[in-house]
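These notes are about the structure you will find just below.
The values are calculated or read from the model by the stated rules, or taken from the named source; none is laboratory data. Small disclaimer: the values here were computed from a predicted structure and weren't measured. Note that each Cβ is placed from the backbone with ideal geometry, even for glycine, and that neighbours are counted across all protein chains shown.
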């Protein structure tokens with residue numbers, strides 16, 4: 001089973017980093033307020049990056065290394081590993097279903 005390192009930009013401009021086997025499911029948890037404590041206080045704005053790893057251990061090691069970087073370097077990582085367009089499109093559809101506009 002593949003594990004993924006993901007980076008979310010929050011509404012206040014901060015970055016949240018996490019690991020998951022299903023990024024879409026984890027995004028939905030963050031967006032609904034059932035995710036990490038950090039994203040409950042800093043609601044997510046958009047998914048910036050996703051990087052695949054062969055196992056949980058390597059994903060967590062990459063997460064720890066990424067968290068040690070300065071914000072500018074983290075954004076560089078995000079530019080080098082953008083979230084797949086298909087995943088972003090799926091998340092946009094999910095958001096529209098959760099928050100329909102009148």
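Select from the range 22-45 the residues that are within 19 Å of residue 67 (Cα to Cα) and in a loop (DSSP other than H, G, I, E, B) and list them in ascending order.
Scanning the range 22-45 gives 35, 36, 42, 43.
Of all the residues that make up the range 24-61, how many are over 14 Å from residue 8 (Cβ atoms) and surrounded by 18 or more Cβ atoms within 10 Å (Cβ to Cβ)?
Here the count works out to 1.
Check 18, 76 and return the single one that is modelled with pLDDT of 95 or more and touching a strand residue (DSSP E or B) at 6+ places or on another chain (Cβ under 7 Å).
On the way: 76 fails: touching a strand residue (DSSP E or B) at 6+ places or on another chain (Cβ under 7 Å).
Criteria check complete, one pass: 18.
Which pairs do you get when a residue that is on the phi > 0 side of the Ramachandran plot and modelled with pLDDT of 90 or more, found in the range 27-39, comes within reach of a residue that is assigned to a loop (DSSP other than H, G, I, E, B) and surrounded by 11 or more Cβ atoms within 10 Å (Cβ to Cβ), reach meaning Cβ atoms under 9 angstrom, with the pair 6+ apart or on two chains?
So the pair list comes out as 33/43.
So residue 96 passes all but one of these: (1) surrounded by fewer than 14 Cβ atoms within 10 Å (Cβ to Cβ); (2) at pLDDT 95 or above; (3) in a helix (DSSP H, G or I). Which condition number does it fail?
Just one mismatch for residue 96, condition (2).
Filter the range 1-23 down to residues that are surrounded by 13 or more Cβ atoms within 10 Å (Cβ to Cβ) and touching a residue at least 24 places away in the same chain (Cβ under 8 Å), then give me how many there are.
Of the residues in that region, 15 qualify.
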